[in-house]
Structures are given as structure tokens and as C-alpha cells.
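Every number here is computed from the coordinates shown, using simple stated rules; none is lab data. In this text the structure is predicted, and so the values were computed from the model without any measurement. In this analysis, Cβ positions are derived from the backbone assuming ideal geometry, glycine residues included, and neighbour counts consider all displayed protein chains.
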Amino acid sequence: MKEPKSYEEIAEYIKAPGKHMFYFSATWCGDCKFIEPKLPEIEAENSEFEFIHVDRDEYMDLAVEWGIMGIPSFVAIEDGKEIGRLVNKLRKTKEEVNAFISTVK
């Protein structure tokens, strides 16, 4: 999973051709800690997406702009356009995340 170091780097991922899955979390988020051990499996099973981790607290301006208040959340971008989102404050299982991703493949 990519870990951008700046807003500029995030913007490059957003504009880049192809499919990108933005994963929003925060270090204090218990529900994020719940799904994180499964993220390598989720990435491997959905290799058509490049996964990008965004710390919601570090990039709060982007989170506000995108309406990401509940975490963990996932936003799918293809060729610079949003194609789907799983955004809420609920705990997510690997099965729920994969079911969401299957809708945007």
C-alpha cells in the first residue's frame, strides 16, 4: 500500500490513469485496527487497484472535501473520477470490503 507524503503526491494518485483505492484511517481508530491485518489479503485479491493509505487526521482538508468523517473508509477512483465509495463509521470485515470492491471492478 502506498503511503503519500504530501497533498501533491495524493493529487498525483488521483489524476493518474488506472484504478486507485484510497483507504482512509487514523492511528487512534479501533475499527481501522480491526481491518488493517486483512488489507494485504484484500490488496492481493484486488490487484487491478493500486491501494493508497490516507491518514484522515493528517489530511483533514481532503477528508472534509471528500466527505470522509467516518473511518475506516474506502474511495475508488478510476482515471481521475470517483467510481464508488464505502464511507461510514462502521467496522468493516474483509468480506464487506471485497463485496464493495466487486461493485467497482
Rg and Dmax of segment 1-68 over Cα atoms: what are they, in angstrom?
-> 12.1, 33
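Fewest first, what order do His53, His20 take by the number of other Cβ atoms within 10 Å?
Taking fewest neighbouring Cβ atoms as first place, the list is His53, His20.
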Can you work out the FRET efficiency for the pair Ala26 and Lys105, with r the C-beta to C-beta distance and R0 = 25 Å, to the nearest 0.05?
-> 0.35
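Which ordering of Tyr7, Tyr23, Tyr13 is given by a fewest-first count of other beta-carbon atoms within 10 Å?
Taking fewest neighbouring Cβ atoms as first place, the list is Tyr7, Tyr13, Tyr23.
Which percent, nearest 5, of DSSP beta bridges in the chain are antiparallel?
Values: 11 of 19 bridges.
Antiparallel bridges make up about 60 percent of those DSSP assigns within the chain.
How high is the relative contact order of the chain, given as a whole-number percent (alpha carbon pairs under 8 Å, six or more residues apart)?
Values: 167 pairs, mean separation 35.7, N = 105.
Once divided by the residue count of the chain, the mean separation gives 34 percent.
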Please state the charge dipole magnitude for segment 7-102, taken about the Cα centre, from unit charges on C-beta atoms (+1 on K and R, -1 on D and E), reported in debye and rounded to the nearest 20.
-> 440 debye
The ratio Rg/Rh over the Cα atoms of segment 52-105, Rh being the Kirkwood inverse mean 1/r radius, stands at 0.96
Plugging the Cβ-Cβ distance of Glu95 and Glu8 into 1/(1 + (r/R0)^6) at R0 = 41 Å yields, to the nearest 0.05, a FRET efficiency of 0.70
Name the residues of segment 67-105 whose amide N is less than 13 Å from a point 7 angstrom out from the Cα of Ala16 along the C-beta direction?
-> 77-80
